[in-house]
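Heads up: the structure comes next, in structure tokens.
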């Protein structure tokens with residue numbers, strides 16, 4: 001199924017997964033949301049509603065752990081900043097998500113609130129690993145919010161194919177700078193001396 005996605009002005013045609021997931025939505029204030037106990041269930045906070053989100057699969061977590069370890073090693077060895085996994089991110093719009101991975105430079109790391117255990121403001125990089133049940137939500141709702149808040153870089157990684165899409169923020173919206181398949185070295189523009197090959201980093205079970 002073909003769909004149109006618009007991220008603040010830049011429009012492109014994408015092939016969407018035909019998976020429909022009805023999320024539970026509960027109207028509440030931001031203060032009420034922040035008082036919710038830790039899950040399960042787990043929620044994002046979007047436009048005055050708590051939206052229940054699926055927990056990740058084993059495959060999703062395998063990819064996330066492998067990628068975060070490689071990125072953390074690269075970043076920490078060069079004192080480039082801080083890598084965070086699955087922490088609450090409160091954007092300037094007031095919406096709260098839990099991206100798979102965040103990166104902050106030393107200049108933006110002051111947004112990390114250690115006392116509250118979450119971060120506020122726009123990170124330098126957001127990474128989302130797309131599963132069949134979350135891909136549409138990640139590509140539309142989350143990407144639109146990240147664009148509205150000026151998040152400089154977003155990586156979208158397909159859980160099934162390991163395709164990596166790298167997006168850079170522009171005043172007109174997100175520009176897809178590259179799309180790299182699992183067996184092609186991915187050299188992020190944000191980290192010029194980093195090379196990742198997803199098929200080697202997180203090989204599918206049938207290739208091990």
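The values are calculated or read from the model by the stated rules, or taken from the named source; none is laboratory data. Remember, predicted model here, so these are calculated numbers, not experimental data. Virtual Cβ from ideal backbone geometry, glycine too; neighbours counted across all protein chains shown.
Using the structure shown, decide if residue 106 is buried (at least 20 other Cβ atoms within 10 Å of the Cβ) and part of a loop (DSSP other than H, G, I, E, B).
Here the answer is no, as residue 106 does not meet what is asked.
Considering only residues that are more than 18 Å from the chain's Cα centre (by Cα) and within 14 Å of residue 138 (Cβ to Cβ), look in the range 19-63 and name the one that is modelled with the highest pLDDT.
Here is the first cut: in the range 19-63, the residues more than 18 Å from the chain's Cα centre (by Cα) are 19-41, 47-50.
Remaining after also requiring within 14 Å of residue 138 (Cβ to Cβ): 19, 21, 23.
On the way: 19: 41, 21: 49, 23: 71.
My answer is 23.
Within the range 109-131, restricting attention to residues that are assigned to a strand (DSSP E or B) and surrounded by fewer than 18 Cβ atoms within 10 Å (Cβ to Cβ), the residue that is farthest from the chain's Cα centre (by Cα) is 113.
Take the conditions in contact with a strand residue (DSSP E or B) (Cβ under 6 Å, 6 or more places away or on another chain), surrounded by fewer than 15 Cβ atoms within 10 Å (Cβ to Cβ) and more than 23 Å from residue 198 (Cβ to Cβ) and apply them to residue 41. Does it pass? Taking the combined requirement at face value, the residue satisfies it. Could you give every pair whose Cβ atoms fall below 7 Å, whose first residue belongs to the range 186-199 and is under 12 Å from residue 78 (Cβ atoms), and whose second residue is modelled with pLDDT of 95 or more and part of a helix (DSSP H, G or I), counting only separations of at least 6 or pairs across chains? Close Cβ pairs (under 7 Å, with a partner that is modelled with pLDDT of 95 or more and part of a helix (DSSP H, G or I)) amount to 191/74; 194/74.
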